[in-house]
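Structure first, then comments.
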Amino acid sequence: MAQLGDYMALYRSTDGAELWKRNASSEGELMQFLDQGSKVAVAPDRGTVFILDAFTGADLARLDAHSGALVSLLTSADGQRLVTFGCDGRINVWDARETKLVRTIFTFAPAELRVPVALSGDGSKLAVGWPRNDNSVLVYDLDAGTLLGEVRSDPLGYFREIAFSANGEKLVGITTEEKWLNVWDLSPLTKR
């Protein structure tokens, strides 16, 4: 996959042949492998995700995911769940194998594209950092479609990066101001 100027292209690594090409906006350019590497999810523009055959470049599906720019395109470790988060404030959970929307969760609409987002390895939890000037991260249960709760940073500062532990029981975040590293045990949120 390459981003060259105003388009994205998928090339075969063995001979360099171009398999797929689309115009790309400066607000897109997200990609993830799906279904054990047999598919690629690509978001070259504002709110559309294309599912491609990773070997031939053939269009398999088009997901009109959001009415605005995508903030994040994430996949579970097994590649069976795709999650999109957009500037329209929607979290969309997709079955990657069937390329079908499973559920939509409505949350805040970020004012910018740079919002830290993390998906647990099993695809069951999503963490979304609030935009600038806040020190909290919202944690969602994607299976139930509910907000599990909120974790906060001490001292204040908004988050630059967040990530789940391999088992999804802990969350780590680093703030931008003082570069504080925060680690949270999420078990109190999941035992409600």
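The values are calculated or read from the model by the stated rules, or taken from the named source; none is laboratory data. Keep in mind that this is a model prediction, so the values were computed, not measured. All Cβ positions, glycine included, derive from the backbone under ideal geometry; neighbour counts span all protein chains shown.
Residue-wise test of (1) closer than 30 Å to Gln36 by Cβ; (2) at pLDDT below 95; (3) surrounded by fewer than 17 Cβ atoms within 10 Å (Cβ to Cβ).
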residue	(1), (2), (3)
Ser76	yes, yes, no
Arg90	yes, yes, no
Ser120	yes, no, no
Gly129	yes, yes, no
Asn133	no, yes, yes
Thr175	no, yes, no
Glu178	no, yes, yes
Leu186	yes, yes, no
Neighbours by Cβ (under 7 Å, 6+ apart or cross-chain): first from the range 62-91, touching a residue at least 24 places away in the same chain (Cβ under 8 Å); second of a type in the set (Lys, Arg) and surrounded by 19 or more Cβ atoms within 10 Å (Cβ to Cβ) = Thr75/Arg81
With respect to Asp6, determine if the residue is surrounded by fewer than 16 Cβ atoms within 10 Å (Cβ to Cβ) and modelled with pLDDT of 80 or more.
-> no
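For the range 74-149, which fully contained strands (runs of 3 or more DSSP E) count at least 2 residues that are more than 13 Å from the chain's Cα centre (by Cα)?
On the way: elements: 81-86, 90-95, 100-106, 117-119, 125-129, 136-141.
By residue number, 100-106, 136-141.
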If you check every pair at least six apart or on different chains, which have Cβ atoms under 6 Å apart with a residue in the range 16-28 that is closer than 11 Å to Leu52 by Cβ and hydrophobic (A, V, I, L, M, F, W, C) first and a residue that is assigned to a strand (DSSP E or B) and modelled with pLDDT of 70 or more second?
-> Leu19/Leu10; Trp20/Leu10; Trp20/Leu52
